[in-house]
Amino acid sequence: MDKIWLVIQREYLARVKKKSFLLVTLLTPLIFPAIMGIFVWIALEEKDNQSLRIIEVVDDNNLFFLESSEQYAFSFSNLSEEKAKELVQNGERYGFLHIPNFELEDPKGITYYGEENPSMNLISYLENNLKKKIEEQRLFESGIDPKIINEVRTKVAIKSITLDDQGTETVSDATVNYAIGFLAGILIYMFIFIYGNQIMQGVIEEKSSRIVEILVSSLKPFQLMMGKILGIAGVGLTQLLIWIVLIGTLTTIVTGFLGMQMPQQQAMEMANPEIAQGMANNSDVGEILLVLSGINVTQIVLSFIFYFLGGYLLYGALFAGIGSAVDAPSDAQQFMLPVTIPLIVAYMGLFVFVLNDPNSTTSFWLSIIPLTSPIAMMGRVSYGVPLWELILSMGLLITGFLFTTWLAGKIYRIGILMHGTKPTYKTLWKWIKTNN
């Protein structure tokens, strides 16, 4: 164990002392908000400086009048299609919308012409605008005043309450749960790939430079592999904790400068039922705070740390095994596919299944299988997961880590000393079956 600890120290200090580590760690919490701010600023500037786009409309039915918006204006005429197209080609019009004669029950043949491929927003805007006009015309022909329909239309907002076994009511919000699951799942996916690749690159570099031959003379290959995996895990955890502290500090400074309350202060106020009820009745902010107060932050944070470390250790062992089997990063590509496929499945499943329906059978199995659970389970935790499912998922993840460590260890102890050969899957299988 002492030798593994020495390797952990070596791997940890070698990376933490690098200037690149300090720069990335300190600048990342600033870079991402800055990038988002730049994009928002560009979008606002573009919106302010963007000229009004005029679309020529030829309506053969003479029924539909489309309302203009801040971005698009409509010019109605009885021009022929050829003349309207010429206006677009000459740059006098941004686009041309042709509405042919059709039955209101089956509107077909509506066509948009433009020199540029239209954006999805433009097509959706035109479709929704025309849909509304066609529906109003159909109501009018049926003897129903469309104004009456518009007057009786009502917006409905459903308040979501979660009940536990004791009957305790907790305010929840699907949007907040979705955002938490989305961010947590994506972060774990990124960390596994980034730090897993660091393990593989480190093993390949040491093997290529023959340093490993000196190291294994004083410690076992398995000790070297475990020390490298745990050392880089410590680097990732250190970086994550620094980011949490920096983001928390920056949030405190910004909210204090703007005269806003910190979440801790808001939570203390929410602890008073009278204040909570008053805020909920008088403000949308109060509703948001009620939702946030119902989230089990401790469970989410502890689950994130566990799945972050568990997922990393499980895949880190596989990356270490791959790195030990090859002499160059280019040779590792053939072995990366079986490792990356489960990660991609978990990533896609997070959006297709887990976040859309966290209680479905598919979401359950994605969050239980060790190769996909680190990403999938974090997508479910914010929605609330039964304790037995969480325990089962964690237990299987630990078992999966032990299995992949054993599997990678079998490859590592032979492959780390092999040079000049390009192994195949058949070769790896022979190494795994070897008992020496």
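The values are calculated or read from the model by the stated rules, or taken from the named source; none is laboratory data. Being a predicted model, the structure only gives us computed values, none of them experimental. Note that each Cβ is placed from the backbone with ideal geometry, even for glycine, and that neighbours are counted across all protein chains shown. Note: areas computed on protein heavy atoms with side chains; ligands, DNA, RNA excluded. Shrake-Rupley method; radii C 1.70, N 1.55, O 1.52, S 1.80 Å.
Residues 74, 182, 39, sorted by accessible area with the largest first, give 39, 182, 74 [1.4 Å probe; ligands and nucleic acids excluded]. Once both labels are positioned 7 Å from their Cα atoms along Cα-to-Cβ, the gap between residue 121 and residue 85 label points is 2.9 nm. The stretch between residue 299 and residue 101 holds 65.2 nm of extra length on full extension. This uses 0.36 nm per residue minus the Cα-Cα distance.
A probe of 1.4 angstrom, applied to the heavy atoms of all protein chains, finds residue 93 with accessible area near 60 square angstrom. Here residue 398 and residue 432 are evaluated by their C-beta separation; at R0 = 22 Å the FRET efficiency comes out at 0.55.
Phi angles across segment 144-155 convert, under the Karplus curve 6.51 cos²θ - 1.76 cosθ + 1.60 with θ = phi - 60°, into 3J(HN,Hα) values of 10, 6, x, 4, 5, 4, 5, 5, 8, 5, 10, 7 Hz, Gly and Pro given as x. Phi angles of segment 10-15 translate, via the Karplus equation with coefficients 6.51, -1.76, 1.60 and θ = phi - 60°, into HN-Hα couplings of 4, 5, 5, 5, 4, 8 Hz per residue; Gly and Pro are given as x. Taking 19, 410 and ordering them by how much accessible surface each has at a 1.4 Å probe, largest first, produces 19, 410.
Remark: spin-label model distance residue 243-residue 407 equals 2.7 nm, labels positioned 7 Å along the Cα→Cβ axis.
Taking all protein chains as shown and a probe of 1.4 angstrom, residue 240 keeps an accessible surface of around 10 Å². With r as the distance between the Cβ atoms of residue 5 and residue 61 and R0 = 60 Å, compute the FRET efficiency 1/(1 + (r/R0)^6) and round to 0.05. Computed FRET efficiency for residue 61 and residue 5: 0.15.
By DSSP, the beta bridges lying fully in segment 52-148 are antiparallel in about 30 percent of cases.
Our coupling estimate for segment 386-396, obtained by passing each phi through the Karplus curve with A = 6.51, B = -1.76, C = 1.60 and θ = phi - 60°, is x, 4, 5, 5, 5, 5, 4, 4, 5, x, 5 Hz, Gly and Pro reported as x.
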